[in-house]
Amino acid sequence: MFADKGIGEWGYAAVIEVDGYKILFDTGNKPKTVLLNTLDLNVDLLDVEDVFLSHNHSDHMGGVC
């Protein structure tokens, strides 16, 4: 909801990387927010191996659309 950089919205998304393995955990509320924020934050989604959706609420999976 609050962001120092990128778009803040009601929702959640995080890129998690451990030992070179990268996942996208949830995708936020709106379809383009996660993509625009990764561009703004210089995060590359091309090497994301998996997307994990924590639960079926739009503020966690709206970016899948």
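So which of 59, 47 is surrounded by 16 or more Cβ atoms within 10 Å (Cβ to Cβ) and either in contact with a strand residue (DSSP E or B) (Cβ under 8 Å, 6 or more places away or on another chain) or not β-branched (Val, Ile, Thr) (or both)?
Just a single option satisfies the conditions, and that option is 59.
Among what's in region 10-65 and is in contact with a helix residue (DSSP H, G or I) (Cβ under 9 Å, 6 or more places away or on another chain) and of a type in the set (Gly, Ala, Ser), pick the residue that is modelled with the highest pLDDT.
54
Filter region 2-53 for residues that are without any contact (Cβ under 8 Å) to a residue 24 or more places away in the chain, among the hydrophobic types (A, V, I, L, M, F, W, C) and within 15 Å of residue 63 (Cα to Cα) and give the result.
14, 39
The values are calculated or read from the model by the stated rules, or taken from the named source; none is laboratory data. What you see is a predicted model; the values in this text were computed from it and never measured. Don't worry about glycine lacking a Cβ; one is built from the backbone with ideal geometry, like all the others, and counts go over all protein chains shown.
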